[in-house]
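The values are calculated or read from the model by the stated rules, or taken from the named source; none is laboratory data. Fair warning: this is a prediction, and the values are worked out from it, not measured in the lab. Here the Cβ positions follow ideal geometry from the backbone for every residue, glycine too, while neighbour counts run over all protein chains shown.
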Amino acid sequence: MPRKKIKLDHQIENLSILNEKGKLDKDLVPEIDDKTLLRMHRTMVLSRRFDEHQLRWQRQGRIGTFAPAKGQEASQVGSIAAIEPSDWMVPSFRETTAAIWRGTPLTGLLLYNAGYNEGGRIPDDQNDLPIAIPVASQISHAVGIAYAMKCRGEKHLAMTYFGDGATSEGDFHEGLNLAQVYNTPTVFICQNNQWAISTPREIQTRTKTLAQKALAYGMPGLQVDGNDLLAVYAATREAADRARKGDGPTLIECVTYRIEVHTTADDPSKYRSEEEVEAWKKRDPIVRFERYLKTKKLLSDDDIEGIDEEVIKEVKGAWKEAEDQMKQLGDPVDMFDHLYAERPPYLEEQRQDMKQSLEARRG
Amino acid sequence: MAELTMIEAINLALRQEMEKDESVFVLGEDVGYEGGIFRTTENLYDQFGKERVMDTPMAESAILGMSLGMAVYGLKPVCEMQFSGFSYFGFHQMESQVARMRWRSRGRYTVPMVCRMPYGGGVRALEHHSESREVYYAHTPGLKIVIPSGPRNARALLVSAIRDPDPVIFFEGKSIYRSFREEVPDEEETLPIGESQVVREGGDLTMITYGALTHRALEAAETLSEEDGIEAEVIDLLTISPLDDRKLSESVRKTGRVVIVHEAHRSFGPGAEIIARINEKSFFYLEAPIQRVTGYDVITPYFAREQDYIPDTSRILQGARQALSA
Ligand SMILES: Cc1ncc(C[n+]2csc(CCOP(=O)(O)OP(=O)(O)O)c2C)c(N)n1
Ligand SMILES: [Mg+2]
């Protein structure tokens with residue numbers, strides 16, 4: 001018998017609980033208390049409004065380039081809400097919604113997008129790494145953190161976010177392989193938003209799913225409807241439980257869509273059709289979730305309007321506060337801070353030189 | 001003759017070389033259908049097709065490794081790293097393979113490839129999008145490092161780079177991509193790699209620079225002339241490695257005073273090597289210590305601070321006057 005099928009450890013499944021037409025698979029609905037459901041909703045709306053305002057501010061030159069999360073709110077909130085504050089989040093650069101959930105103040109995000117390093121500081125009580133722009137570079141960090149948790153005998157986990165494009169980078173494959181080899185409590189959340197700038201998902205990789213890449217490492221992989229908050233939550237919950245039990249890492253592919261520009265430096269009309277975007281807009285994760293909350297009698301149309309007004313106020317207030325903070329961050333010599341534990345003498349000399357140059361320039 | 005931006009001039013060089021030589025290929029992230037995020041490869045996909053203008057998955061290491069393979073087999077790949085700050089994903093291919101293949105195979109295999117990458121600050125971009133770290137590559141034997149300062153020389157140097165028998169890294173200053181236009185002839189034009197240019201003549205001071213900062217250096221030279229009556233000779237290096245010692249020596253021997261201007265970090269930066277070469281070749285002609293005006297030795301700050309990081313004309317003037325004072 002020279003040739004026979006090898007049975008792999010895992011199969012790839014697709015999970016959907018609440019579909020775009022509002023149909024619900026009651027057996028699969030994860031347990032989430034009402035307060036959390038409402039917080040999930042509010043976080044998504046806040047993130048959406050924040051994106052919209054930032055787009056406007058970017059066009060006015062008040063902030064610089066940033067990557068909107070619009071359309072991906074459910075895949076971010078669904079996943080981040082399924083882990084604990086004591087767990088660690090290792091983001092890429094599009095996780096605004098998840099960051100808000102974790103407690104990152106809007107002012108910090110605004111400072112970052114306005115070009116101030118101080119905006120990149122994670123609040124002391126938050127277990128998040130800062131934004132990582134080099135695609136896939138953060139993935140192995142989550143593996144290292146998770147390994148350290150395991151060595152310390154703690155029941156925490158590390159969860160990392162990345163996009164469909166990231167799965168082509170060597171760093172992705174090396175990271176997943178090590179996670180499985182060391183059986184670390186890591187959850188890998190791939191936000192498959194169909195595009196890596198102008199590169200469509202089909203050109204990025206020929207595999208049918210991104211979730212199946214886990215199989216190559218002997219890891220379970222699951223594909224979920226990323227615009228279905230309940231499905232993302234359920235999948236992440238399962239992965240988190242597995243990690244905490246010591247059963248190792250999981251890869252979750254959230255199938256979603258980047259409704260907006262890649263970043264504000266991008267013009268998607270060059271490479272994708274309006275029809276495609278419109279079709280995905282009909283699968284809006286917030287609208288879908290609102291419908292669900294309304295049938296559960298947790299939200300009324302009036303409530304939704306009220307929340308909207310509230311979050312817009314919050315966003316505008318954050319800009320005012322960020323502006324004040326920018327004024328206080330007036331001195332560019334702070335670029336010499338936080339490079340080493342102790343500043344070496346040659347660097348102190350340069351810092352003094354810089355001070356002098358600034359004074360000379362001011363005249 | 002047409003007035004082109006540097007983007008358009010680079011595009012012209014690629015198009016004409018691809019028309020002329022069917023072994024020239026273009027590959028990289030977003031370079032095909034979209035025409036590159038800066039539009040440097042605009043319309044090449046339509047004209048030459050997806051086999052020669054390749055939209056690659058995100059895989060800097062494989063883009064460089066594959067380029068090496070293509071080059072060894074006789075093609076002339078021009079690959080792109082979307083930003084120099086992401087080229088490190090493929091650094092090992094550059095250092096361990098691209099730079100060494102001729103040497104390791106004792107001349108049997110060569111790697112006539114070009115790797116283009118935008119570098120430098122000044123466009124209010126995110127982290128990793130504003131660095132000027134050409135020395136990582138200049139420190140690697142086997143690579144040539146070219147950095148144009150405007151549309152016309154970018155076009156001519158890129159043509160030379162594509163035809164060069166060795167791997168060339170071609171750094172493009174983002175801040176001058178569209179900031180001005182220049183006459184660029186339709187007919188073929190090349191410039192020798194390894195030669196710098198005197199872009200302003202003067203007998204009192206030698207100002208050595210390259211890339212986007214050439215323009216600030218020239219501005220500072222004008223101010224020196226107006227305010228101090230000093231005539232600075234400005235040298236635009238164009239090639240960082242191999243360095244054009246001869247042209248530097250000629251100027252230094254004439255002026256005896258030198259200021260070096262670059263955006264790259266100061267320590268172990270290009271200026272350090274230039275000073276060493278001048279010391280080795282022309283030390284006794286110097287009348288004052290050589291001055292450096294450079295980026296500071298800190299990680300390039302986010303953009304709210306970038307104009308305080310990149311040398312401006314006032315810092316260049318300060319450095320120049322220091323070089324003149326002793
Ligand atoms: C290593 C690396 N190469 C290139 C880039 C430039 N770049 C930024 S985002 C991006 C596409 C990322 O696509 P994906 O992983 O799908 O994430 P998305 O932007 O869709 O969220 C590219 C090419 C980068 N940041 N890092
Ligand atoms: Mg994507």
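Some observations on this one:
- Condition met for A:S137 (within 16 Å of ligand 2 (Cβ to nearest atom) and in contact with a helix residue (DSSP H, G or I) (Cβ under 9 Å, 6 or more places away or on another chain)): yes
- The set of residues in segment A:304-363 being surrounded by fewer than 16 Cβ atoms within 10 Å (Cβ to Cβ), modelled with pLDDT of 95 or more and of a type in the set (S, T, N, Q) consists of A:Q352 alone.
- Residue in segment B:17-39 that is hydroxyl-bearing (S, T, Y), in contact with a Ser or Thr (Cβ under 7 Å, 6 or more places away or on another chain) and assigned by TED's automatic domain parsing to the domain that holds B:S149 present: yes
- Answer from B:L44, B:L27 - the residue that is crowded, with 17+ Cβ neighbours inside 10 Å and out of contact with any Lys or Arg (no Cβ under 8 Å at 6 or more places or on another chain): B:L27
- Residue within segment A:190-198 that is in the same structural domain as A:A265 (by TED's automatic domain parsing), touching a residue at least 24 places away in the same chain (Cβ under 8 Å), within 13 Å of ligand 2 (Cβ to nearest atom) and aromatic (F, W, Y) present: yes
- For segment B:36-60, filtered to residues that are closer than 23 Å to A:D171 by Cβ and hydrophobic (A, V, I, L, M, F, W, C), the residue that is farthest from the other protein chains (Cβ to nearest Cβ) is B:M54.
- Evaluation of B:F268 against (1) at positive phi; (2) surrounded by 17 or more Cβ atoms within 10 Å (Cβ to Cβ) (one fails), failing number: (2)
- Filtering segment A:109-121 to residues that are outside any helix (DSSP H, G or I) and of a type in the set (S, T, Y) leaves only A:Y116.
- Take the conditions (1) within 14 Å of another protein chain (Cβ to nearest Cβ); (2) more than 21 Å from A:Q54 (Cβ to Cβ); (3) touching a helix residue (DSSP H, G or I) at 6+ places or on another chain (Cβ under 6 Å); A:P130 misses just one of them, which is (2).
- The residues listed here are A:T43, A:T107; of these, the one that is of a type in the set (V, I, T) and either within 16 Å of ligand 1 (Cβ to nearest atom) or free of Cβ contacts under 8 Å to residues at least 60 places away in the same chain (or both) is A:T43.
- Residue count for segment A:218-234, restricted to those that are in a strand (DSSP E or B) and of a type in the set (A, V, I, L, M): 2
- Being within 14 Å of another protein chain (Cβ to nearest Cβ) and more than 16 Å from ligand 2 (Cβ to nearest atom) is a property that A:A322 has.
- Criterion: surrounded by fewer than 20 Cβ atoms within 10 Å (Cβ to Cβ), away from chain A (no Cβ under 14 Å) and in contact with a helix residue (DSSP H, G or I) (Cβ under 9 Å, 6 or more places away or on another chain) - qualifying residue of B:V72, B:V111: B:V72
- The selection criterion, being surrounded by fewer than 16 Cβ atoms within 10 Å (Cβ to Cβ) and within 20 Å of A:D284 (Cβ to Cβ), holds for A:K23.
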